[in-house]
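Report on the following structure.
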Amino acid sequence: MSGKYSARNSQGRHVVAKDDPLAISLLKQEHHVFRSLFDEAEEADTQRLTEIARELCMRLSVHMAIEEEILYPALKPILGDDEVNEGIVEHQSGKRIIAELEQLDGTEELFAAKVHVLGEETVHHIDEEDEDMFEDAKSAHSDGKIDLDALGETLRARQAELYDQISSTGETGKTCEAQPDEVERA
Ligand SMILES: [Fe+2]
Ligand SMILES: [Fe+2]
């Protein structure tokens with residue numbers, strides 16, 4: 001399916017390149033899934049929209065958690081605070097809408113609008129990660145300042161752990177609540 005967001009998956013820096021280090025290829029592949037699901041949400045009936053929203057909330061929560069716990073703190077000393085803090089604030093905005101959606105059952109008047117706005121904001125955010133942050137990170141990787149393959153293994157392990165946690169408890173826990181100063185300390 002190729003909609004207005006997922007058309008980007010095969011364009012420019014959003015493509016998973018052969019030489020992308022593991023951390024970048026793993027996160028870009030998830031960005032592809034988000035664009036496709038948000039496209040599908042635009043066309044979905046109420047029942048399907050509710051399912052898609054649940055899946056997006058879960059996947060986005062884990063994705064933001066591993067970026068905030070592992071990727072962002074590793075990039076801060078290299079890329080500087082501004083680029084990373086902007087990402088954290090965009091995550092916070094997404095988390096607010098996710099928290100609202102999690103209180104709803106899909107029948108409410110504003111449900112579809114909330115999913116739509118979450119899509120607009122999320123796609124803006126992941127596009128910027130692909131285009132700017134990840135390119136800067138890849139340059140640092142090429143210069144030997146960071147090992148994004150090793151970091152990718154850490155991201156993958158933490159992702160698996162969080163998915164296990166969700167399947168056993170149904171909760172993502174406090175991992176989604178990082179604040180800019182917590183990332184600073186990490
Ligand atoms: Fe992000
Ligand atoms: Fe991301």
What does the charge count around residue 78 come to, taking other residues whose C-beta lies under 13 Å from its C-beta (Lys +1, Arg +1, Asp -1, Glu -1)? -4
Pull out the extension gain between residue 15 and residue 166, defined as 0.36 nm times the separation in residues minus the alpha carbon to alpha carbon distance; nm, one decimal. 51.4 nm
So if we plug the beta-carbon distance of residue 85 and residue 150 into 1/(1 + (r/R0)^6) with R0 = 22 Å, what FRET efficiency do we get, rounded to 0.05? 0.35
Net charge near residue 143: determine it from the other residues with C-beta under 15 Å of the C-beta of residue 143, scoring Lys and Arg +1 and Asp and Glu -1. -3
Among the stretch 26-67, those whose backbone N falls under 11 Å of a label point 7 Å along Cα→Cβ from residue 109 are none
For the chain, take the alpha-carbon Rg, divide it by the Kirkwood Rh, and send me Rg/Rh. 0.96
How are the Cα pair distances of the stretch 105-166 distributed, in percent, across 5 Å bins from 0? 4, 15, 11, 14, 18, 16, 10, 6, 4, 2, 0
Could you give the nm distance between label points at residue 128 and residue 116, where each point is 7 Å from its Cα heading toward the beta carbon? 2.3 nm
Cα-Cα over 32 Å, subset of 4/145; 28/145; 95/138: 4/145
In which sequence would 122, 154 go, from the one with the fewest C-beta neighbours within 10 Å to the one with the most? 154, 122
Radius 12 Å from Cβ of residue 37, net charge of other residues (Lys, Arg +1; Asp, Glu -1): -3
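Every read-out reported here was derived from the displayed coordinates using simple, explicitly stated rules and does not represent laboratory data. Remember, it's a predicted structure, so these values are computed and weren't measured experimentally. No Cβ is skipped: glycine too gets one built from the backbone with ideal geometry, and neighbour counts run over all protein chains shown.
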